[in-house]
Amino acid sequence: MPVYNGERFLSEAIESILNQTFQEFEFIIVDDGSTDKSWQTLQRFASNELRILLLKNEYNIGVSGSLNKGLKIAQGEYIALMNADDISLPGRLAAQVSFLNKNKNIGLVGTFAQKIDGDGNRLEMMRYPVEHNKILWTLCLDTPFANPTVLLRKYILNSVAGYSEELVASEDRDLWQRLSSVTQFANLPKVYLLYRTHDHNISIRYKDIQAINSAKAGQRMMQTILRHEVPIKICLKIRLGRIDTVNDAINFAKLINRLYHAFVSKRNLSAQESRIIRHDAALRLFNLAWSWKSDNRMHEFFIDALQISPYSSFNELWRKIKYWIFHTFKKASL
């Protein structure tokens, strides 16, 4: 667990690990040059808990460097990740260790999470794809894990030389992209972490840098599947959710269509994985075409969506029609 000026939520995060039902672990915490009272808090916990191992950076070197520093001294077979402002629910480690013990082909497992605010009030649930191939598909276009829920095999992490220290605020997605070529992934479909959102989250403080570096990881993933170059510009627009022009929409739709067909042709998908990926690709195409339906060039993507998944496309069309009918009658009654 890296810590940088995490005093406000630090005690709660540490206690959530110490209170796990699975108790056989070492808890490596790296203070990354904090200037608040984080180090004093860490020393207080470490004085009463032999499982806590403290490292202190003389100056701030960043999350990746701090993680790699901790990994060098880690003795465990598995590595669990944790943020200094989140809360791991009591059964998290037990469930993940049990899962990896039973599934030797899986190298990394995450879980669902639930957002909380600074006061601990529960907000929306964060659901992620469960099966390996759906996770790979999602990794091209989005984020398939909540990073502080991840548990992975140490030897797998060592095989790719740990975290890249060049990518600020997106070291996690870069790692997953590199790990995708050497192991399989999974997510447990249950909430085992409370993910805290506040103004000092790294994802908020480094939003622009994170978007660029995450887009690069997505670009590499897509290029591996497509075997040709994908412009970083469209990858960045996808990451930011800024499809601002019809030309952007056309380029994105063409990319999804090509990516879908290349992806399913190269993998032995289960029936469930095939259904989920077809559904996701069809919805992305349909909604892009719908958003820019006034341009005749987008009409071909309605057909592409129908060819990929007629059920998903018609279902989405019916949902939009019902929405339009409801709001039309609502306005008429006012």
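Condition check ((1) assigned to a strand (DSSP E or B); (2) β-branched (Val, Ile, Thr); (3) over 29 Å from Leu55 (Cβ atoms)) across all residues:
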| residue | (1), (2), (3) |
| --- | --- |
| Gly70 | no, no, no |
| Asp85 | no, no, no |
| Leu93 | no, no, no |
| Leu108 | yes, no, no |
| Thr111 | yes, yes, no |
| Met125 | yes, no, yes |
Exercise. In the range 237-246, how many are farther than 18 Å from Asn257 by Cα and in a helix (DSSP H, G or I)?
Worked result: 1
For this session: Identify all residues within the range 107-126 that are more than 22 Å from Arg220 (Cβ to Cβ), among the aliphatic types (A, V, I, L, M) and surrounded by 13 or more Cβ atoms within 10 Å (Cβ to Cβ); write none if there are none.
Result: Val109, Ala113, Ile116, Leu123, Met126
Exercise. Scanning the range 222-232 for residues that are in contact (Cβ under 8 Å) with a residue 24 or more places away in the chain and in a helix (DSSP H, G or I), which turns out nearest to the chain's Cα centre (by Cα)?
Worked result: Met222
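Any residue that is modelled with pLDDT under 90 and either surrounded by 10 or more Cβ atoms within 10 Å (Cβ to Cβ) or closer than 17 Å to Phe252 by Cβ (or both) - is there at least one of those in the range 303-323?
Going residue by residue through the range 303-323, those that are modelled with pLDDT under 90 are 323.
Next cut, either surrounded by 10 or more Cβ atoms within 10 Å (Cβ to Cβ) or closer than 17 Å to Phe252 by Cβ (or both) only: 323.
The answer is yes, given that some residue of the range 303-323 is modelled with pLDDT under 90 and either surrounded by 10 or more Cβ atoms within 10 Å (Cβ to Cβ) or closer than 17 Å to Phe252 by Cβ (or both).
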For this session: Go through the range 28-68 and give me each residue that's of a type in the set (A, V, I, L, M), surrounded by fewer than 18 Cβ atoms within 10 Å (Cβ to Cβ) and not in a strand (DSSP E or B).
Result: Ala46, Leu50, Ile61
For this session: Could you please give the count of residues in the range 233-252 that are of a type in the set (Gly, Ala, Ser), crowded, with 19+ Cβ neighbours inside 10 Å and either closer than 20 Å to Leu139 by Cβ or without any contact (Cβ under 8 Å) to a residue 24 or more places away in the chain (or both)?
Result: 0
Exercise. Within the set of pairs 6 or more residues apart or between chains, which connect a residue that is closer than 14 Å to Gly162 by Cβ inside the range 176-191 to a residue that is part of a strand (DSSP E or B) and modelled with pLDDT of 95 or more with Cβ atoms less than 9 Å apart?
Worked result: Trp176/Leu108; Trp176/Phe185; Leu179/Gly107; Leu179/Leu108; Leu179/Leu152; Leu179/Phe185; Val182/Gly107
For this session: Find all pairs meeting these conditions: Cβ atoms under 9 angstrom apart; at least six residues apart or on different chains; first residue within the range 278-302 and in a helix (DSSP H, G or I); second residue buried (at least 18 other Cβ atoms within 10 Å of the Cβ) and among the basic types (Lys, Arg).
Result: Asp280/Lys134
For this session: Could you please find all residues in the range 34-76 being over 19 Å from Tyr163 (Cα atoms) and among the small types (Gly, Ala, Ser)?
Result: Ser34, Ser38, Ala46, Ser47
For this session: Restricting attention to the range 95-106, report how many residues are of a type outside the set (A, V, I, L, M) and in a strand (DSSP E or B).
Result: 0
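Condition check ((1) surrounded by fewer than 18 Cβ atoms within 10 Å (Cβ to Cβ); (2) not in a strand (DSSP E or B)) across all residues:
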| residue | (1), (2) |
| --- | --- |
| Tyr128 | no, yes |
| Ile135 | no, yes |
| Pro148 | no, yes |
| Ile156 | yes, yes |
| Tyr163 | no, yes |
| Asp172 | no, yes |
| Phe185 | no, no |
Exercise. If you check Tyr206 against the conditions, is it among the aromatic types (Phe, Trp, Tyr) and either modelled with pLDDT of 85 or more or in contact with a Phe, Trp or Tyr (Cβ under 7 Å, 6 or more places away or on another chain) (or both)?
Worked result: no
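The values are calculated or read from the model by the stated rules, or taken from the named source; none is laboratory data. Quick caveat, the model's predicted, so the values are computed rather than measured. Virtual Cβ from ideal backbone geometry, glycine too; neighbours counted across all protein chains shown.
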